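Inspection log for the structure reproduced underneath, given as structure tokens.
The values are calculated or read from the model by the stated rules, or taken from the named source; none is laboratory data. This one's a predicted model, so the numbers in the text were calculated from it and none came from an experiment. Positions of Cβ are generated from backbone atoms using ideal geometry, with glycine treated the same way; all protein chains shown enter the neighbour counts.
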Ligand SMILES: [Zn+2]
């Protein structure tokens, strides 16, 4: 009876630690995914060809520009 109790106790500890490990592993995975996302969100200026972050870019008529000056310059060319 005492051995059964110890066995169940060890089983419980292993189960709890295993769950904690899996949760930590999953959180780490999610963090690495969100950390790499900004790198993937790079866009190229339609005028000068420079690469910049999508949130810093100006999008007009499905064209992406690095600054307002290049957006206007591109419009004047047309
Ligand atoms: Zn530009």
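In region 37-52, which residue that is more than 16 Å from the ligand (Cβ to nearest atom) and surrounded by 10 or more Cβ atoms within 10 Å (Cβ to Cβ) is modelled with the lowest pLDDT? Break it down stepwise before answering.
Kept after step one, since they are more than 16 Å from the ligand (Cβ to nearest atom), are these residues of region 37-52: 37-41.
Still in the list and also surrounded by 10 or more Cβ atoms within 10 Å (Cβ to Cβ): 38, 41.
On the way: 38: 50, 41: 87.
Among those residues, the one meeting the criterion is 38.
Residues in region 53-78 that are more than 8 Å from the ligand (Cβ to nearest atom) and assigned to a strand (DSSP E or B): how many?
Qualifying residue count for the region: 6.
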